[in-house]
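Beneath this line is the structure, given in structure tokens, with notes to follow.
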Amino acid sequence: MSEKTIHFHVGSGRCGSTLIQALFNEPAMHQVFGHFGLHYDPGIYLALNDVTPVWEYDEAVWRDLRERLMVPLLSRPEGNFFVTQENIFGAEHADGAGNTVGNSIRAIRTLCDGFRVRIVCVLRRQDSFVESLYNQLLKRGETRDFPDFVAALPADNFDWTAILDTYADAFGADAVTVIPFEKKIAASGGVDDFVEAMLRAIGVEQKIRFDNLPVINPSLSPRVRPLMRHANQILTPVEANNLAAWFEGHIPKRPDEPHELFDDAGRAAFLTRFAGSNEILAKTYLARYPAAAAHYRGGA
């Protein structure tokens, strides 16, 4: 029997993971997957959600997960499987936290023992990532203003090339596929968006039209960010959560609406710390997307 392949989508968060999971859960997509010899079990995502991020690696836990979740896949007729869990990428943002990429790799190796592993991740430029992260955390009780939030970040954790190199060292450089979240960057590589790029990465060559992709887990409109931050300071957590849900449903950020949390000087200063790394990122991991080089240097 030939070796079966796991296409493991490791995130990162704030890069369309929730949309991918929502689309891939659709029964019509399961039929497409079956046509290409691919199987996706959303129950694996739910199970892994309880044990990620991998702050501490416990081999017994991951061996048990392998027996329960992955071993049954070996008897399925398909040769390729898709697993998604953005919380396993390893780029942590909590104050003082170190990256957990080493633990994540140990977990993936244990979980996928007996399979050929291919790593797939979707990334966006660090400034946009941080702006989206802050917006998301406002919905979860964040009370700091954006400059204080950025000042407290362990920003070295967002060196994407260092993280990707660690995955490449573990699984092989040819086993790591990086997809740009930004639509214009993806388009320079001949795909409509990161969803189409993801499908190609996992072996689905059929062109699938996703007109007017839904916004899943939307950011808050810039107009309500100050209100949400103030609400987090004066309301109970339950009340603030309810308000965030209302804002999310009624006043979300439009897809074409920039976050604009950094001013020009602050954005340039933040990106400067990743200049060398991002140059390598564009050349090594995003070479198929010609627009990536200028964008990751700080272009619009």
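The values are calculated or read from the model by the stated rules, or taken from the named source; none is laboratory data. Not measured: the values here are computed from a predicted model. Here the Cβ positions follow ideal geometry from the backbone for every residue, glycine too, while neighbour counts run over all protein chains shown. Only protein heavy atoms, including side chains, enter the accessible area calculation; ligands, DNA and RNA are left aside. Shrake-Rupley method; radii C 1.70, N 1.55, O 1.52, S 1.80 Å.
Here are some notes:
- Taking the protein heavy atoms of the range 181-247 in the context of the full set of protein chains, the accessible area attributed to carbon and sulfur is 56 percent at 1.4 Å.
- Using alpha-carbon coordinates, inclination of helix 225-234 to the longest axis of the chain, degrees: 80
- 1.4 Å probe accessible area per residue over the chain, in Å²: 46
- Part-to-part distance (alpha-carbon centres) for the range 9-32 and the range 132-172, which is given in Å: 22
- The order of the peptides 94-103, 191-200, 116-125 by mean Cβ neighbours within 10 Å, most packed first, is 116-125, 191-200, 94-103.
- Here the range 1-100 is assigned +1 on the Cβ of each Lys and Arg and -1 on the Cβ of each Asp and Glu. Its dipole about the Cα centre then comes out at about 360 debye.
- Additional length obtainable on full extension of the chain from residue 55 to residue 279, 0.36 nm per residue less Cα span: 77.7 nm
- Computed from phi, the 3J(HN,Hα) profile of the range 249-265 under the Karplus parametrisation 6.51, -1.76, 1.60 (θ = phi - 60°) reads x, 10, 9, x, 6, 5, x, 8, 9, x, 5, 6, 7, 7, 7, 4, 5 Hz, with x in place of Gly and Pro.
- Taking the 1.4 Å solvent-accessible surface of the range 1-124 as the whole, the part contributed by carbon and sulfur is 48%.
- Taken about its Cα centre, the chain carries a charge dipole of roughly 520 debye when the Cβ of each Lys and Arg holds +1 and the Cβ of each Asp and Glu holds -1.
- Among beta bridges that DSSP assigns inside the chain, antiparallel share in %, nearest 5: 5
- Take the Cα of residue 36, go 7 Å toward its beta carbon, and the backbone nitrogen atoms of the range 167-200 under 15 Å from that spot belong to 177-179, 191-200.
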